1. Quick one: which residues, 5 or more positions from Glu288 or on another chain, have an amide H under 5 Å from its amide H? H modelled 1.01 Å from N in the peptide plane, none for Pro or chain starts.
2. Please find, in a Gaussian network model of the chain (springs between Cα atoms separated by less than 10 Å), the residue of Gly102, Gly18, Gly60 whose mean-square fluctuation is greatest.
3. Would you work out the relative contact order for the chain, in percent, from Cα pairs under 8 angstrom that are 6 or more residues apart?
4. Using a/c under 1.5 as the rounded threshold, could you call the chain rounded, prolate or oblate? The axes a ≥ b ≥ c are square roots of the C-alpha gyration tensor eigenvalues, and prolate needs a/b larger than b/c, oblate otherwise.
5. Among Lys19, Lys275, Lys176, which comes first, second and so on when ranked by fewest other beta-carbon atoms within 10 Å?
6. For each of Glu220, Glu152, count neighbouring Cβ atoms within 10 Å of the residue's Cβ, then give the residues from fewest to most.
7. If you rank Ile214, Ile287, Ile100 by fewest surrounding Cβ atoms within 10 Å, what's the result?
8. Give the calculated FRET efficiency between Thr258 and Glu82 to the nearest 0.05, with a Förster radius of 45 Å applied to their Cβ-Cβ distance.
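Read-outs throughout are calculated quantities, based only on the coordinates presented, and are distinct from any laboratory measurement. If you're wondering where the values come from, they're calculated on a predicted model, not measured in any experiment. Cβ sites come from the backbone with ideal geometry, for glycine too, and all protein chains shown count toward neighbours.
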Amino acid sequence: MTTKKQKVLVLLGPTAVGKTRLSLELAREYNAEIISGDSMQVYRGMDIGTAKIRPEEMNGIPHHLIDIHDPEEPYSVAEFQEQGGRLIEEISRRGKLPFIVGGTGLYIESLCYGFRFSPAVADEAFRQAQDAFAEEHGAEALHARLAAVDPESAARLHPNDRRRIIRALEIHHQTKVTLSSTQAAQKRESPYELCLLGLTMDRQILYRRIEDRIDQMLHEGLIAEVEGLLRRGCSRGLVSMQGLGYKEIATYLEGEMTLEDAVTLLKRDTRRFAKRQLSWFRHMKEIEWIGDFQEAHYHQNLLLIREIISRKLNL
């Protein structure tokens, strides 16, 4: 006897592409509950820099995996996979549609396809040695170490993403197998009946939206938010404080660069991050892409999205 797979709707795309507005409309139409697929929105008190949806904007639609960790506590993809899988079960039992929305490719893919994670255990001595190397020689030098043994993972990871770079090095150090080859060997069949929707748009338009969003974040109080986190003792070495917006503004607040330079760096790094997001999503072959997701074509795209959902999930 075959067990019927649970239907799961997924909406992904780069930062600032417009996922939030669409997700609310689709959630209302398809009686869905939203599971956030964002590695930064799990942290309490980190609202402006993560573009976190406000409670009053949720329109009564349940949102999960938002504000579940203090910024002092690191959050992992394995935790997300376990919690997200449990939520899919619970939401389905309530007769509602589980709806994953976000831009963290590894998190979303691990949940959709039930990835098994490397058996490599935490080696604190190895991690501390890599951390010390990065402090002495810089982020680029640590990134180069990864590029030498696992160029595919290095291409996906930003040089400032120290935690994930060290984890990839740790996996190779212990198992002599690269993180990228481990991920490539994962079973590609999903335990769910999936409909994956991907949003994108002209690259230059997306970049302008990113820069406008950062300007809006600054207007809404991003500097004060980061200042408050530093004041409560959140050091720049925390996983949470490595997030875009937080590390750049913290650098300014601690006197290491001007505000103008910090904002320029933030805009540049966010554009690069969006490019890496799209590169990650491109290898997920089952995504149905909405390639020109702009306001002028919103209702036309909505009709296309409804057709895709009907075809993939029979809803």
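1. Placed amide hydrogens put Leu196, Leu197, Gly198 under 5 Å from Glu288.
2. Most flexible of the set in this elastic network: Gly60.
3. Values: 407 pairs, mean separation 80.2, N = 315.
About 25 percent, as a whole number.
4. On the way: a/c = 1.69, a/b = 1.24, b/c = 1.36.
Cα axes put the chain in the oblate bin.
5. Working: Lys19 22, Lys275 14, Lys176 8.
Ascending number of Cβ neighbours within 10 Å: Lys176, Lys275, Lys19.
6. Working: Glu220 13, Glu152 16.
Listed from fewest to most nearby Cβ atoms, that is Glu220, Glu152.
7. Lowest to highest Cβ neighbour count: Ile287, Ile214, Ile100.
8. On the way: r = 43 Å, r/R0 = 0.95.
Step by step, r from the Cβ atoms, then E = 0.55.
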